[in-house]
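The values are calculated or read from the model by the stated rules, or taken from the named source; none is laboratory data. What you see is a predicted model, and the numbers here were worked out from it, not measured in a lab. Positions of Cβ are backbone-derived with ideal geometry, glycine not excepted, and every protein chain shown enters the neighbour counts.
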Amino acid sequence: MTKVSALPSLSIRSYAKTAKSHAHAHYQLVLPINGHIEISQDCFSGSVGVGEGVCIAPNEVHNFSANENAKFVVADLPTVPLQLQDKKQPIFSVNTAFQAYLSFIDVQLSHFAFDAHDEMINLFNSLLAKCEIGVGMDSRITRVLSHIHSDLAGSHSLRTLTALACMGTTQFKIRFKEATGLSLREYLVKARMEKAKALLNNTDTPMLGIALLTGYEDVASFSRRFKAYFGQSPKFYKRK
């Protein structure tokens, strides 16, 4: 069955473990916020996790399934950048700036803030234009990123993550920086701060709640880190 949607659009979706199959009359991109999706189409069959995205061409039948707790940004678009139109290479990389923006979209759409939809689409397309195709992230690092983004408040110690990746400490540090451009500490700070900023801008979540959601036990320590990162206190970004 071919599905039709209003274009362009961004949405937050989860899927079921039971595999389903359909096609679309337009391009559809699936970008994990946390977790991964198993997808099968003409030129690809495998898992797509955090740090990656998959481009599904118009009228291309695809099978898909995912853990119900995994969450994805889905973009239904009339067209995509030229480099993503190669059906033989449907996987593309998602850099740290783009991944942070996916978290922002999650907050925006989850709190029914649709007034800036056109602006969201424009920035999404701008980031998409910089994506590289055929650059599959090391699956071990993808697994780690999916774990991190499933619970940004978690401690995510180096020891725990190296065990999850089945790597030694030195190898993990090298592979992680190759994949993300950041050290583990830098990545965690960036992901948490961008999530906090999105919550401040777009929700009425209390400051303590935001601190706890981003891995800080109290408002004071959260505020210090936030100001050091953005150069402004959290109150500067708090929705009026």
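Which of the residues that make up the range 153-174 are crowded, with 19+ Cβ neighbours inside 10 Å and among the aliphatic types (A, V, I, L, M)?
Scanning the range 153-174 gives L161, A165, M167.
Go through D118, D86 for me and flag whichever is charged (D, E, K, R), more than 19 Å from L188 (Cα to Cα) and part of a loop (DSSP other than H, G, I, E, B).
Only one candidate qualifies: D86.
Tell me yes or no: at least one residue of the range 175-190 is crowded, with 20+ Cβ neighbours inside 10 Å, among the hydrophobic types (A, V, I, L, M, F, W, C), outside the structural domain of F98 (by TED's automatic domain parsing) and under 16 Å from the mean Cα position of the chain (by Cα). Break it down stepwise before answering.
Initially, the range 175-190 is screened for residues crowded, with 20+ Cβ neighbours inside 10 Å, giving 176, 179-180, 187.
Then drop every residue that is not among the hydrophobic types (A, V, I, L, M, F, W, C), which leaves 176, 179.
Next, only the ones that are outside the structural domain of F98 (by TED's automatic domain parsing) stay: 176, 179.
Next, only the ones that are under 16 Å from the mean Cα position of the chain (by Cα) stay: 179.
Within the range 175-190 (the criterion being crowded, with 20+ Cβ neighbours inside 10 Å, among the hydrophobic types (A, V, I, L, M, F, W, C), outside the structural domain of F98 (by TED's automatic domain parsing) and under 16 Å from the mean Cα position of the chain (by Cα)), the answer is yes, since at least one residue qualifies.
Look through the range 4-40, keep the residues that are in contact with a Lys or Arg (Cβ under 9 Å, 6 or more places away or on another chain), among the aliphatic types (A, V, I, L, M) and in a strand (DSSP E or B), and return whichever of them is farthest from I141 (Cα to Cα).
Top of the filtered list is A23.
For T205, which of the numbered conditions (1) part of a helix (DSSP H, G or I); (2) surrounded by 15 or more Cβ atoms within 10 Å (Cβ to Cβ); (3) of a type in the set (S, T, N, Q); (4) in contact with a helix residue (DSSP H, G or I) (Cβ under 8 Å, 6 or more places away or on another chain) fails to hold?
Result: T205 fails condition (1) only.
Residues are listed down the side, and each one gets a yes or a no for (1) hydroxyl-bearing (S, T, Y); (2) farther than 27 Å from K190 by Cβ; (3) touching a residue at least 12 places away in the same chain (Cβ under 8 Å); (4) crowded, with 16+ Cβ neighbours inside 10 Å:
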{"residue": "L10", "(1), (2), (3), (4)": "no, no, yes, yes"}
{"residue": "G35", "(1), (2), (3), (4)": "no, no, yes, yes"}
{"residue": "S45", "(1), (2), (3), (4)": "yes, yes, no, no"}
{"residue": "E52", "(1), (2), (3), (4)": "no, no, yes, yes"}
{"residue": "A57", "(1), (2), (3), (4)": "no, yes, yes, yes"}
{"residue": "A66", "(1), (2), (3), (4)": "no, no, yes, yes"}
{"residue": "D76", "(1), (2), (3), (4)": "no, yes, yes, yes"}
{"residue": "L102", "(1), (2), (3), (4)": "no, no, yes, yes"}
